[in-house]
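**Q** Have a look at the structure that comes next, please.
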Amino acid sequence: MPVPLSQMWTVATYVLKQKWKGRRQYPLVLMLEPLYRCNLACAGCGKIQYPGHILKRELSPEECFRAVEECGAPVVAIPGGEPLLHSRIEEIVAGLVARRKYVYLCTNALLLKQKLHLFKPSKYLSFSVHMDGPKEQHDFSVCKEGGYELAVEGIRAAVAKGFRVTTNTTLFEGADARSVRAFFDEMMELGVEGMMLSPGYSYEKAPDQQHFLAKDRIRQLFRLILSNRKPHWRFNMSPLYLEFLMGLRQTHCTPWGMPTYTIFGWQKPCYLMQDGYADTFEELLASTRWEKYGTNSGNPKCANCMVHSGYEASTVDYAFGSWRGFWDMVKATLFHRYPDAAAQKALETEKPAPKLVQIDLSKTTRESLEGIRFAGATVAEGIEKAFDYRGDLTLRLKNGQQLEGYVFDRDGDGSSSQGRLRMILKTTGERVSVPYADLEELCFTGRDMAAGKSWEAWVAKYLAKKAAGEPSAELVAETLDS
Ligand code: SF4
């Protein structure tokens with residue numbers, strides 16, 4: 001059984017309750033990101049390009065519990081960053097388990113073996129280990145030689161101690177179906193409870209923009225991977241979402257199904273896109289203009305998205321929304337082999353994936369704004385750029401005051417005099433709100449960490465420092481300060 005019965009029962013009764021209450025927008029899985037800091041710097045990840053003082057910030061356990069209670073979802077995934085670098089992760093997990101939430105702690109497992117003693121096996125806790133396919137593909141995705149072996153060691157240690165362990169795999173261009181299928185066999189042999197799958201999302205701030213999959217290619221790849229399934233493969237996710245990936249069914253994105261809470265607040269509109277923040281879950285639901293996002297919105301940022309955080313909750317909602325949906329789910333659970341002669345033939349003749357080529361980060365072409373100032377009539381233009389920037393800014397106000405820090409939110413496009421910028425100050429960590437009407441000048445004083453050259457320089461420095469030892473929170477902090 002890929003998901004314990006008690007978890008299935010909890011999720012099913014929760015969804016039915018929401019239906020009886022007539023709630024159209026309800027959360028199923030809370031994506032709780034208690035930090036952005038990580039001990040990897042994956043080229044396909046747009047999550048960790050921030051200045052040092054932001055990467056050092058953490059949500060406290062109390063802030064995490066408040067978010068969990070506000071939202072009420074029965075399942076909590078803890079991604080990041082790398083949650084095992086959080087200084088109080090064991091308190092967060094214990095508090096969620098005590099609240100009977102099903103917790104998926106998403107980890108790259110580099111530190112799993114040495115931190116296992118912090119946790120107790122429980123039906124409520126699962127380590128969801130980031131494994132991006134077979135060894136060569138995984139090491140390429142996470143930009144670390146030997147990353148695969150370290151993760152496998154972590155999995156073995158956790159399974160041996162009686163923990164629930166699942167894997168989560170994001171596939172990018174360059175993945176070939178045959179080796180992914182062989183990878184599933186390896187994961188099953190390791191004794192993992194089930195596997196989760198998703199195509200990568202084209203994060204606009206990810207250093208590598210060349211390896212994201214387009215929709216047709218996603219369907220083609222997943223049809224080859226998931227047709228003619230081997231009986232021993234187990235997937236820890238909605239069977240209807242897997243059908244969606246294979247191109248066997250259509251569904252719409254429901255971004256509120258997996259809302260995201262981070263050090264900046266409730267992220268609009270979804271886990272993948274950062275279009276502003278709300279202070280409460282209620283405000284997130286009420287103030288997000290949902291029609292601007294999703295499958296039929298025409299939003300180019302949604303065009304190639306088939307990611308589980310947007311679509312898996314939609315398939316669960318469908319399954320419990322009608323007898324037809326329920327029957328489709330039962331069928332997909334019982335008859336899960338999906339025999340497909342054409343897919344089998346294509347698999348046999350599939351060319352092996354081309355050799356993976358190291359990405360040249362310095363060739364990414366993001367506009368550098370370092371040292372640029374926007375004053376007077378150009379302030380409105382600078383506001384949108386400030387929100388998009390992944391470095392610090394200095395704001396000069398009309399009263400002569402200067403504020404230095406990271407702009408994490410803004411209202412509208414900067415043209416309304418009623419709007420405001422929200423900033424985290426570099427020295428004190430305080431959150432301040434600055435009305436547009438008070439702004440005299442914006443100056444881009446920090447390095448944009450999403451620009452290829454800055455990111456490459458950071459990664460090189462970090463890798464050189466850790467060459468002699470294991471990655472640690474201290475080492476990350478030390479590199480960020482230098
Ligand atoms: S399709 Fe949905 S989940 Fe994907 S980026 Fe758009 S809003 Fe987010």
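**Q** Using beta carbons and a limit of 7 Å, which pairs, at least six apart or on different chains, have the first residue in the range 422-440 and touching a residue at least 40 places away in the same chain (Cβ under 8 Å) and the second one of a type in the set (Asp, Glu) and surrounded by 15 or more Cβ atoms within 10 Å (Cβ to Cβ)?
**A** 422/409; 426/392; 426/404
**Q** Output yes when any residue across the range 314-322 is more than 16 Å from the ligand (Cβ to nearest atom), over 25 Å from residue 33 (Cβ atoms) and at pLDDT 95 or above, and no when none is.
**A** Yes.
**Q** Could you grab the pairs with beta carbons closer than 7 Å, sequence gap of 6+ or different chains, first residue in the range 182-199 and in a helix (DSSP H, G or I), second one of a type in the set (Phe, Trp, Tyr)?
**A** Listed pairs, sorted by first residue: 184/233; 188/233.
**Q** How do the helices (runs of 4 or more DSSP H) wholly within the range 203-308 filter down when requiring 2 or more residues that are more than 16 Å from the ligand (Cβ to nearest atom) and closer than 30 Å to residue 343 by Cβ: which remain?
**A** Passing ranges, in order: 215-226, 239-245.
**Q** Okay, next question. Listed residues 161, 144, 135, 230; which is under 30 Å from residue 389 (Cβ atoms) and of a type in the set (D, E, K, R)?
**A** Every option except 144 fails the conditions.
**Q** Scan the range 32-41 and give yes if some residue there is in a helix (DSSP H, G or I) and among the hydroxyl-bearing types (Ser, Thr, Tyr), otherwise no.
**A** no
**Q** So is residue 29 within 30 Å of residue 173 (Cβ to Cβ) and crowded, with 21+ Cβ neighbours inside 10 Å or not?
**A** yes
The values are calculated or read from the model by the stated rules, or taken from the named source; none is laboratory data. As the structure is a prediction and not an experimental result, all values here were calculated from the model. Don't worry about glycine lacking a Cβ; one is built from the backbone with ideal geometry, like all the others, and counts go over all protein chains shown.
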